[in-house]
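Worksheet for the structure shown next.
The values are calculated or read from the model by the stated rules, or taken from the named source; none is laboratory data. Remember, it's a predicted structure, so these values are computed and weren't measured experimentally. FYI the Cβ positions are ideal-geometry reconstructions off the backbone, even for glycines, and counts take in every protein chain you see.
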Amino acid sequence: MGRLAKPLALLLCGLFWAGTGTVAYVPPANAQFFWFFDQKKPKKQRRAAPRRGYDLPKVTPPKEEVLAPPPPDDRPYDENLMRLAEILGAVHYLRELCGAGEGQLWRDQMAEILRNEGTTAVRRAKLVNKFNDGYRGYRRTYRTCTESATRAASRFSTEGAELATALSQTSVFASAPQARVQAPESDDGASAARN
């Protein structure tokens, strides 16, 4: 039996191998494994939720109403006005530094300009920035009152008075009662020359 056992064992192994390979690709019978799992379930009909904003009719603006851009806020005298604001800031710092004892006179003058000329937020911001630029610029330059600081304050006061006079003839101030242009007295001997 020894001679037939080896070929017989090989034949059985080959048949087993061929049989398992063929059976592995055959689907099982429906009755064999829980057939109700294989049945197709009817899908529930879901109603799509309406998207927001689509439940109301669309509103379209009328074609006649075209929004025009705002008118430009520039005026022909703005360059002089901005320079005056810068001068007021510088004079406010320099006169206070040199002990003029005027308090908030120059800041109050700037507030008056803002009331009359600061018609929009952008315009007010430009004027305030120029005032602050003048103030900060001379605060960085002068820490103590020197002869140079006194001369600069006097020169700015004169230039500011000239600008205020020129602006009073071209701006909103022209319709207001004429303001007195008051040049501050300088401490450099000009008061002795008047006596």
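Is there any pair linking a residue in segment 144-169 that is under 16 Å from residue 134 (Cβ atoms) and free of Cβ contacts under 8 Å to residues at least 40 places away in the same chain to one that is of a type outside the set (Phe, Trp, Tyr) and not in a helix (DSSP H, G or I), with Cβ under 7 Å and at least six apart or on different chains, and which?
Final answer for the pair search is 154/186; 154/188; 158/183; 161/181; 161/183.
If we keep just the residues of segment 79-117 that are of a type in the set (D, E, K, R) and free of Cβ contacts under 8 Å to residues at least 40 places away in the same chain, which is surrounded by the most Cβ atoms within 10 Å (Cβ to Cβ)?
96
Under 17 Å from residue 82 (Cα atoms) and buried (at least 18 other Cβ atoms within 10 Å of the Cβ) - does that describe any residue in segment 141-153?
no
Which ones in segment 118-136 are surrounded by 14 or more Cβ atoms within 10 Å (Cβ to Cβ) and under 11 Å from residue 94 (Cα atoms)?
Once the filter is applied, which keeps residues that are surrounded by 14 or more Cβ atoms within 10 Å (Cβ to Cβ) and under 11 Å from residue 94 (Cα atoms), segment 118-136 yields 134, 135.
Return yes or no: is residue 68 at pLDDT below 80 and closer than 30 Å to residue 142 by Cα? Explain how you work it out, then say what you get.
Numbers: at pLDDT below 80: yes; closer than 30 Å to residue 142 by Cα: no.
No; evaluated as a whole, the condition is false for this residue.
Right, residue 180: modelled with pLDDT under 80, on the phi < 0 side of the Ramachandran plot, in a loop (DSSP other than H, G, I, E, B) and of a type outside the set (Ser, Thr, Tyr) or not?
yes
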